[in-house]
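Engineer: Can you keep this structure in mind? I'll have questions shortly.
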Amino acid sequence: MSESMLGLKRSHRCTEVRTENVGEIITVMGWVQKSRNKGGIIFVDLRDRSGILQIIFEESDCGGESFAKAEKLRSEFVIAVTGKVEKRQGGVNENLVTGDIEVRAESLRILSESDTPPFPIEENSKTKEELRLKYRFLDLRRPDIQKNLMFRSKIAILTRQFLADEGFLEIETPTLIKSTPEGARDYLVPSRVHPGTFYALPQSPQLFKQLLMCSGYDRYFQIARCYRDEDLRADRQPEFTQIDMELSFVDVEDVLDVNERLIHKLFKELLGIEIPLPLPRMTWIEAMNRFGSDKPDLRFGMELKDVSQVVKDCEFAVFKGALENGGSVRGINAEGKGNMPRKKIDALVEFAKGFGAKGLAYLAVLEDGTYKSSFAKFMTEEQLAALVKAMDGKPGDLLLFAADKNKVVWDVLGNLRLELARQADLLKKDDFKFLWVTEFPLLEYSEEQGRFVAMHHPFTMPMEEDWHLIDSDPGAVRAKAYDIVLNGTELGGGSVRIHQSDIQSKMFEVLGFTPEKAQEQFGFLLEAFKYGVPPHAGLAYGFDRVAMLMVGADNIRDVIAFPKVKDASCLMTEAPTPVDPKQLEELRIEVRGE
């Protein structure tokens, strides 16, 4: 039978009780982690969000009634215990913060009983994730998840403090906004008052934070909820949180400076790690050429090498065909993997095909200096020796090559490089390698749409020295855009924004917007730009990704209280669900069958 607190007050959380409290009478409350009846004495591990504290029940200390209740305790019962803090009699438990003390109970109240949980409430649970997410309210009791969410809270508090000290104002922007479909799909919200019309949930506060700069607020930030109707992966959710900021009267260097100091503060104060400043920088083209990725993982080498010139005269049709079609031949050196079994090499070939490769050429440099290769017969000894030299190959190495259009080669080898690092256990979670990637292309050509699209968004400022190419070679125009990357994950990105109306109009034209279409979608922003707009720039972090990497989690679901699964559904609440037909009727919406 559950009891009420009846005026009882908690004096300490479990791990707030220490040796200096020995002899004190305290009151603690929490969940029963486990109970062990040793015949005449009952040991209970009491758990709250701070950790575990051992409670001892003996009938001579707590009386017959409390002892009888203690005998009924089961896992996840919620209890309140008053008792005396003592030094632990049975030896120190080195695994617990409170391992040198215990509480001898004098009274017990069972505040709530519990059914047997569907899985144990324990760290590093081996229970299937689907079951844990169905019972997320229980999963959230696990100490490792609680530590993650408490750590996430500290990131938010420290970020707010730092940005406030830097002169930023925290301002909320709307979450029911106009749909401007450029990029990912919007989540739409029907309007009852305006039948047949829809709001969108924001993919980011982009336009509103630019308007705040137009309005003179100078430095804005927000820990903002954002929504994108796109396919999920380990570091992506349909609803997510950004640490969002915008600054006026600045250029690239100003944004990078304040964000480097923010990163330095977070890692030093929360993890005790001194991140060296300034952070390294790399242009987009250098990142792609060296690592096959615009978010390179710098924790290991295995860089890409362009060997197009070395193999241009060989007779291997795959290499020749790629070069004749304007592509390239590039390779990576898996050092020390020259004895990899053919079966594993075949698995790497299949892996590469998943990223668009037609195949994967390999050359193993054997210990005796000879070669084992899928293409050696098409090359002379001199050509092979030149290729191995260009790849810095030595006996015992495995050289892997992709030949195709640059975009395919980068994607294949960039991902293959990461897969080889995973297999070799090179990706250490406590090794934090930051990088700024700068000078992204302003535009990228979409084969699907048959036109250039903005690589970031239509308000990104081009680099002044490239602007003259906008008509003759739009793909060559670089942007004043920058991403902050950590260990192969894009933590955040931003850019200097266009603040001149002539450049903005030209951008819309290049992107295929008619003046009427631009006015229809972005008229309110263009109107604001007529009334004096300061130069401005900004950046937004994926807060969930920052937290995930700082706590060493493998998935952002481990740092989000109530996450969705791959199909964007919530296993706990079963959202999304059909709604009452009356609600649809009010909204004048009809749902048709497939």
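Engineer: Residues of the range 458-581: accessible area per residue at 1.4 Å, in Å²?
Structural biologist: Numbers: 5160 Å² over 124 residues.
In whole numbers, the range 458-581 has 42 Å² accessible per residue.
Engineer: If you line up the long axis of helix 406-423 against the longest principal axis of the chain, both from Cα atoms, how many degrees apart are they, to the nearest 10?
Structural biologist: Once rounded, the angle reads 40 degrees.
Engineer: In terms of solvent-accessible area of protein heavy atoms at a 1.4 angstrom probe, what is the ranking of 283, 460, highest value first? All intermediate terms of the calculation are to be shown ahead of the outcome.
Structural biologist: Numbers: 283 40, 460 5 Å².
In descending accessible area the options line up as 283, 460.
Engineer: Please give the helix 59-71 orientation as an angle from the longest Cα principal axis of the chain, in degrees from 0 to 90, rounded to the nearest 10.
Structural biologist: On a 0 to 90 degree scale, this one is about 60.
Engineer: A further question follows. Carbon and sulfur: what percent of the chain's accessible surface (1.4 Å probe)?
Structural biologist: 50
Engineer: State, as an integer percentage, the relative contact order of the chain based on alpha-carbon contacts under 8 Å between residues 6 or more apart.
Structural biologist: This gives 13 percent for the chain.
Engineer: Determine the dipole magnitude for the chain: charges of +1 sit on the beta-carbon of Lys and Arg, -1 on that of Asp and Glu, nothing else is charged, the reference point is the Cα centre, and the result goes in debye to the nearest 20. Before the final figure, lay out each step's value.
Structural biologist: On the way: 79 positive and 95 negative charges, 289 e Å.
Dipole about the Cα centre, nearest 20: 1380 debye.
Engineer: Right, here's the next one. What is the angle, in °, between the Cα long axis of helix 381-390 and the longest principal axis of the Cα atoms in the chain? Nearest 10 is fine, range 0 to 90.
Structural biologist: 50
Engineer: Give the percent of DSSP beta bridges with both residues in the chain that are antiparallel, rounded to the nearest 5.
Structural biologist: Beta bridges within the chain, antiparallel portion: roughly 95 percent.
Engineer: Take the chain, compute every pairwise Cα distance, and split them into 20 Å bins from 0; I just need the percent in each bin.
Structural biologist: Here the calculated profile for the chain is 16, 39, 32, 12, 1.
Engineer: Dividing the convex hull volume of the Cα atoms of the range 500-556 by its residue count, what figure in Å³ per residue is obtained? Don't jump to the answer; show the numbers that get you there.
Structural biologist: On the way: hull volume 8.0 nm³, N = 57.
Convex hull of Cα atoms, per residue: 141 Å³.
Engineer: Can you sort 472, 2 by solvent-accessible area, 1.4 Å probe, largest first?
Structural biologist: Reading off the accessible areas and sorting them downward yields 472, 2.
Engineer: Separate question: Amide H of residue 185 versus every other amide H placed in the peptide plane: which residues, excluding those fewer than 5 positions away on the same chain, fall under 5 Å?
Structural biologist: Those qualifying (amide H under 5 Å, at least 5 residues apart or on another chain) are 229.
Engineer: For the range 38-111, what Kirkwood radius comes out of the mean inverse Cα-Cα distance, in Å? Mind showing how you got there, number by number?
Structural biologist: Numbers: mean 1/r = 0.0798 Å⁻¹.
It works out to 12.5 Å.
Engineer: Set the Förster radius R0 to 25 Å, insert the Cβ-Cβ distance between residue 170 and residue 229 as r into 1/(1 + (r/R0)^6), and round the FRET efficiency to 0.05.
Structural biologist: Using R0 = 25 Å, I get an efficiency of 0.35.
Engineer: Can you give me the long-range amide H partners of residue 169? Hydrogens built in the peptide plane at 1.01 Å from N, cutoff under 5 Å, separation of 5 or more residues or another chain.
Structural biologist: Close amide H contacts, sequence-distant or interchain: 219, 220, 221.
Engineer: So, one more: With all protein chains present and a 1.4 Å probe, how do 227, 531 order by accessible area, largest first?
Structural biologist: Putting 227, 531 in descending order of accessible area: 531, 227.
Engineer: For residue 215, what accessible surface area do you get with a 1.4 Å probe? Give it in Å², rounded to 10.
Structural biologist: Result for residue 215: roughly 80 Å² accessible.
Engineer: Quote the accessible area belonging to residue 430 in square angstrom, nearest 10, computed with a 1.4 Å probe and with ligands, DNA and RNA left uncounted.
Structural biologist: Its accessible surface works out to 120 Å², give or take rounding.
Engineer: Given a 1.4 Å probe and the protein chains all in place, what does the accessible area of residue 88 round to, in Å² to the nearest 10?
Structural biologist: Rounded to the nearest 10, that gives 40 Å².
The values are calculated or read from the model by the stated rules, or taken from the named source; none is laboratory data. Only a predicted model underlies this, so the values are computations on that prediction, with no experimental measurement involved. Ideal geometry is used to build each Cβ from the backbone, glycine not excepted, and the neighbour counts take in all protein chains shown. When the accessible area is computed, the model is the full protein with side chains, heavy atoms only, and any ligands, DNA or RNA have been set aside. Shrake-Rupley method; radii C 1.70, N 1.55, O 1.52, S 1.80 Å.
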